[in-house]
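I have placed the structure first, in the form of structure tokens, so that the comments after it can refer back to it.
Every number here is computed from the coordinates shown, using simple stated rules; none is lab data. This structure is a prediction, so every number in the text was calculated from the model and none was measured. Here the Cβ is made from the backbone with ideal geometry for all residues, glycine too, and neighbour counts use every protein chain on show.
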Amino acid sequence: MQNQAVEAVELGGSVPDFSIIGMFLQADFVVQTVMIMLLTASVWGWSIIFNTQSRVREARGKADGFEEVFWSGNSLDELYNSIRKTPDHPMAAVFVAAMREWQRSLGSSSATGVDKVTVQDRITKVMHVTTGREMDRLEGQVGYLATIGSAAPFVGLFGTVWGIMNSFKSIALASDTSLATVAPGIAEALLATALGLVAAIPAVIAYNKLSTDLGRYASRVEGFADEFAAILSRQLDERGH
């Protein structure tokens, strides 16, 4: 009878609720804090995933349209004048930056001899800097996915260890090793581990996928920059003759 009374006190006088919400409400304050942190990290990670995927998809579509116009044979000056005020994707931004430097350089020098080499160097540096800046902007907070993926399991493990410690305390206070005494605390502790994995696994998978997509897009922009630099170099050679 005494053990049953102690057990009833440990369980709050009622059968414990093993639903996710019930286990959260019955958990220790520290474990609850861990669960809230992990849920927040999971929501934040998914928002980063969806936002980055949307930006990359949009940038690809706009790059396709831009390259179609660029290689159509129309005047580069006309293309530049049409987008110079609002370059809305990395490839267009690289093109606008190069054309702006091209026009400034031609306006300030004859672009022959040594000046031709100087102009080429300026344009190459401008495109390199613009590519890096635009890719950083496109990547946004993708790096935080790696942090979530690596830290969330350990945060969940901390909540699990804390919950199991409380379960052992319950055993010591109740002098009872029955499963009914320790089951609620262990279940709450394992829930923290599960939430850590729920936050970490999608973050790791998405980070690898998005990093690959961003790397491919960056290579595409860099390839365009190299081709455009070659076009401008040929035009400089024609002006020098």
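What ³J(HN,Hα) values, in whole Hz, does the Karplus curve 6.51 cos²θ - 1.76 cosθ + 1.60 give for segment 163-171 when θ = phi - 60°, with x put for Gly and Pro?
x, 5, 4, 5, 5, 5, 5, 4, 5
Using θ = phi - 60° and the Karplus relation 6.51 cos²θ - 1.76 cosθ + 1.60, list the HN-Hα couplings for segment 120-128 in order, rounded to whole Hz, with x at every Gly or Pro.
Karplus values, whole Hz, x for Gly and Pro: 4, 5, 4, 5, 4, 5, 4, 5, 5.
What are the ³J(HN,Hα) couplings of segment 147-158, residue after residue, when phi is run through the Karplus curve with 6.51, -1.76, 1.60 and θ = phi - 60°? Round to Hz, x for glycine and proline.
5, 4, x, 8, 8, 4, x, 6, 5, x, 5, 4
As a footprinting exposure proxy, order F50, F228, F29 by other Cβ within 10 Å, with the fewest listed first.
With the sparsest Cβ surroundings first, the list reads F29, F50, F228.
Can you find, among Q141, A93, S72, the residue sitting farthest towards the positive end of the charge dipole of segment 31-157, where Lys and Arg contribute +1 and Asp and Glu -1 at Cβ?
Most positive-ward Cα: Q141.
What is the packing order of peptides 72-83, 141-152, taking the mean over residues of other C-beta atoms within 10 Å and listing the highest first?
In descending order of packing, they fall as 141-152, 72-83.
Highest mean first, how do 38-47, 186-195 rank when packing is the count of other Cβ atoms within 10 Å averaged over residues?
Sorting 38-47, 186-195 by mean packing, highest first, produces 186-195, 38-47.
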